[in-house]
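Take a look at the structure below.
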Amino acid sequence: MSQFVVTQRFMALATNYDVTQPGSNEVLMTVKGALMRFFPSFSLVEETGASLATLRGNFTKTRFRIRAANGHVLASLHFPAVAVEKKLSLYIGDTEYTANAGMFRGVFQCKDASGSTVLEIFKVRSMRDRFSVVTKDGIDCEVGLLAAVAIHSRFFEMA
């Protein structure tokens, strides 16, 4: 199990996020958004500058794909085009994990068919957009971190 906090940078030109451990201000990784794109595009990089993974979405922000630095698809996320509740489906290989955060809650618990939670992302009440990410064993931390960014892009960004 791994835990991280993903915080949107304040006053950044493009949409960027800092990744830290809970209770720490030391930035471990950064998610860098591409400026002025029709399609959401983000890169997860280590503080050394090494690329770890990418996140690309479609124009309507209903489909996102997470790829490792070598181009291998790690996961994909699907959001309903029209929904009263905040829902998502996470696909890793042939396995589907679903989450339903309801209308107002910001808690996404991705569960497998047996009901076991493998990934939990919840929006922390804060002046800035901040998400706590908990991944269980067997789920790459890159998937959890970039899934939080996709959730923010889909449900919480104004543009």
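The values are calculated or read from the model by the stated rules, or taken from the named source; none is laboratory data. For clarity, every value in this text was computed on a predicted model and none was experimentally measured. When we count neighbours, we look across all protein chains shown, and the Cβ atoms used for this are built from the backbone with ideal geometry, even at glycine. The area values use the complete protein model at the heavy-atom level, side chains included, leaving out ligands, DNA and RNA. Shrake-Rupley method; radii C 1.70, N 1.55, O 1.52, S 1.80 Å.
Take region 40-49 and flag every residue that is surrounded by 14 or more Cβ atoms within 10 Å (Cβ to Cβ) and closer than 19 Å to C141 by Cα.
Scanning region 40-49 gives S41, F42, S43, L44, V45.
Quick check on this structure: which one of R37, R105, R63 is closer than 12 Å to A147 by Cα and open to solvent by 70 Å² or more (accessible area, probe 1.4 Å)?
The unique qualifying residue is R63.
Taking region 66-94 as the region of interest, how many residues are closer than 14 Å to D140 by Cα, open to solvent by 50 Å² or more (accessible area, probe 1.4 Å) and among the small types (G, A, S)?
Going through region 66-94 one residue at a time, the tally reaches 2.
Evaluate the following for L52: is it within 13 Å of the chain's Cα centre (by Cα) and either surrounded by fewer than 19 Cβ atoms within 10 Å (Cβ to Cβ) or hydrophobic (A, V, I, L, M, F, W, C) (or both)?
For L52, the condition - within 13 Å of the chain's Cα centre (by Cα) and either surrounded by fewer than 19 Cβ atoms within 10 Å (Cβ to Cβ) or hydrophobic (A, V, I, L, M, F, W, C) (or both) - is not met.
Just one of R154, R128 is in a loop (DSSP other than H, G, I, E, B) and among the basic types (K, R); which is it?
Step by step, each of R154, R128 is checked, and only R128 is in a loop (DSSP other than H, G, I, E, B) and among the basic types (K, R).
Restricting the search to region 69-84, which residues are of a type outside the set (S, T, Y) and under 14 Å from the mean Cα position of the chain (by Cα)?
Result: L74, A75, L77, H78, F79.
So R154 passes all but one of these: (1) under 16 Å from F4 (Cα atoms); (2) of a type in the set (D, E, K, R); (3) under 11 Å from the mean Cα position of the chain (by Cα). Which condition number does it fail?
Failing condition for R154: (1).
Just to be sure, is Y97 aromatic (F, W, Y), in a strand (DSSP E or B) and open to solvent by 50 Å² or more (accessible area, probe 1.4 Å)?
Spelling it out, it is not the case that Y97 is aromatic (F, W, Y), in a strand (DSSP E or B) and open to solvent by 50 Å² or more (accessible area, probe 1.4 Å).
Just the residues that are of a type in the set (A, V, I, L, M) and touching a Pro at 6+ places or on another chain (Cβ under 6 Å), please, taken from region 1-58.
V5
Working only within region 57-99, note down all residues that are small (G, A, S) and over 14 Å from V118 (Cα atoms).
Passing the criteria: G57, A68, A69, G71, S76, A81, A83, G93.
Regarding region 1-19, can at least one residue be identified that is part of a loop (DSSP other than H, G, I, E, B), in contact with a Gly (Cβ under 9 Å, 6 or more places away or on another chain) and open to solvent by 30 Å² or more (accessible area, probe 1.4 Å)?
yes
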